Ligand SMILES: CC(C)(COP(=O)(O)OP(=O)(O)OC[C@H]1O[C@@H](n2cnc3c(N)ncnc32)[C@H](O)[C@@H]1OP(=O)(O)O)[C@@H](O)C(=O)NCCC(=O)NCCS
């Protein structure tokens, strides 16, 4: 099995060969990920396999999850870390790299929560099938009144439980 390492994106990484098949993420990886990272819009993490070619990518940012999106909480805005832009380049599929990158995001969420109040890690899945991928990783769907949504979250407590030895 290929060994991957995950690190913060920098200018040394080759983003041009990345192809996960979901055009918005492919374009974002090639065109915007580094500038968004450098401007502090989000922090981008990439997986590589012994070289600098991007095999996987995701981003994190601080974004409150609005309670009206359908999460039970005592504040209107739930303190959260937003997970976005997950992609694994097609030829690297089958290595559990998507799962590995989410576990990496779990660790980073817990590290951030030592310094900043964090109730949950949350995301918006691109479709129903992908919701199932995230559900298997411990995410649950928010329940907005009167409409369906692909917003999902996992609480900090559940992340800690998932990472417990
Ligand atoms: C979603 C994605 C990142 C998963 O990456 P991956 O490296 O294939 O993920 P893993 O190998 O860790 O997959 C774990 C399991 O989830 C399944 N799975 C992977 N992608 C899935 C998807 N889109 N929908 C449902 N199940 C999926 C795998 O088949 C695997 O199942 P198994 O444990 O029974 O073998 C990858 O398919 C991808 O880049 N897709 C295009 C971009 C995208 O949809 N991003 C999500 C944005 S919300």
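The values are calculated or read from the model by the stated rules, or taken from the named source; none is laboratory data. Small disclaimer: the values here were computed from a predicted structure and weren't measured. Counting neighbours? That spans all protein chains shown, and the Cβs are built from the backbone with ideal geometry, glycine included.
Here residue 37 meets each of (1) closer than 19 Å to residue 139 by Cβ; (2) at pLDDT 95 or above with one exception, condition (1).
Within segment 90-115, the set of residues being in contact with a strand residue (DSSP E or B) (Cβ under 7 Å, 6 or more places away or on another chain) and more than 22 Å from residue 20 (Cβ to Cβ) comprises 109, 112. Could you tell me whether segment 66-73 includes any residue that is in contact with a helix residue (DSSP H, G or I) (Cβ under 9 Å, 6 or more places away or on another chain) and at negative phi? Yes; the residues of segment 66-73 include at least one that is in contact with a helix residue (DSSP H, G or I) (Cβ under 9 Å, 6 or more places away or on another chain) and at negative phi.
Every condition in (1) within 16 Å of the ligand (Cβ to nearest atom); (2) assigned to a helix (DSSP H, G or I); (3) without any contact (Cβ under 8 Å) to a residue 12 or more places away in the chain holds for residue 130 except the one numbered (3). Is there any pair linking a residue in segment 87-107 that is more than 18 Å from residue 135 (Cα to Cα) and assigned to a helix (DSSP H, G or I) to one that is at pLDDT 95 or above and near the ligand (Cβ under 8 Å from one of its atoms), with Cβ under 6 Å and at least six apart or on different chains, and which? From segment 87-107, the pairs are 90/21. Residue check: residue 128 meets all listed conditions (1) over 12 Å from the mean Cα position of the chain (by Cα); (2) within 23 Å of residue 46 (Cα to Cα) but one, namely (2).
Can you spot a residue in segment 108-115 that is in contact (Cβ under 8 Å) with a residue 60 or more places away in the chain, part of a loop (DSSP other than H, G, I, E, B) and over 17 Å from the mean Cα position of the chain (by Cα)? The answer is no; no qualifying residue exists. All conditions in (1) within 16 Å of the ligand (Cβ to nearest atom); (2) surrounded by 17 or more Cβ atoms within 10 Å (Cβ to Cβ) hold for residue 9, with the sole exception of (1). Every condition in (1) modelled with pLDDT of 95 or more; (2) out of contact with any strand residue (DSSP E or B) (no Cβ under 7 Å at 6 or more places or on another chain); (3) farther than 21 Å from residue 157 by Cα; (4) near the ligand (Cβ under 10 Å from one of its atoms) is met by residue 22 except one, and the failing one is (2).
Condition check ((1) within 12 Å of the ligand (Cβ to nearest atom); (2) within 15 Å of residue 138 (Cα to Cα); (3) under 12 Å from the mean Cα position of the chain (by Cα)) across all residues:
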{"position": "89", "(1), (2), (3)": "yes, no, no"}
{"position": "93", "(1), (2), (3)": "yes, no, no"}
{"position": "117", "(1), (2), (3)": "no, no, no"}
{"position": "122", "(1), (2), (3)": "yes, yes, yes"}
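Being surrounded by fewer than 20 Cβ atoms within 10 Å (Cβ to Cβ), in contact (Cβ under 8 Å) with a residue 24 or more places away in the chain, more than 21 Å from residue 155 (Cβ to Cβ) and within 16 Å of the ligand (Cβ to nearest atom) is not true of residue 55. Within segment 93-126, being surrounded by 15 or more Cβ atoms within 10 Å (Cβ to Cβ) and at pLDDT below 95 holds for one residue alone: 95.
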